[in-house]
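A quick write-up on the structure given underneath.
The values are calculated or read from the model by the stated rules, or taken from the named source; none is laboratory data. On a predicted model such as this, the values are computed, not experimentally measured, just so you know. A quick note on method: Cβ atoms are made from the backbone with ideal geometry, for glycine too, and the neighbour counts reach across all protein chains shown. Heads up: the accessible areas ignore ligands, DNA and RNA and are worked out on the full protein's heavy atoms, side chains in. Shrake-Rupley method; radii C 1.70, N 1.55, O 1.52, S 1.80 Å.
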Amino acid sequence: MITIEGLQNAGRLSSLQDAFLAEGAVQCGFCIPGMVMAAHALLAENPRPTETDVREGLSGNLCRCAGYQRIVAAVLTAARGATGGR
């Protein structure tokens with residue numbers, strides 16, 4: 001089993017975690033661990049998801065701030081491997 005803390009490598013955030021920061025998808029932080037872990041599972045199963053795939057993959061998690069657009073963008077950014085060099 002992996003936790004959100006286990007996604008980092010040698011003290012550096014994973015590219016998925018970096019994408020959440022780069023896209024400003026962290027807002028209040030209440031849902032972020034669940035969103036990141038759902039996204040991690042999605043990308044492990046489907047490394048090139050469509051926006052619809054991402055929305056379906058995250059559908060079991062609720063965002064209290066309604067930051068879904070940025071969260072979806074972060075997952076798509078991670079899938080593209082374009083996190084702005086972070």
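A10: free of Cβ contacts under 8 Å to residues at least 24 places away in the same chain, open to solvent by 60 Å² or more (accessible area, probe 1.4 Å), of a type in the set (G, A, S) and at positive phi, yes or no?
In short, yes.
Considering A19, A25, A41, the condition of being more than 17 Å from Y68 (Cα to Cα) and of a type outside the set (D, E, K, R) is satisfied by A41 alone.
Among the numbered conditions (1) over 9 Å from the mean Cα position of the chain (by Cα); (2) buried (at least 17 other Cβ atoms within 10 Å of the Cβ); (3) in a helix (DSSP H, G or I); (4) not aromatic (F, W, Y), the only one that N61 does not meet is (3).
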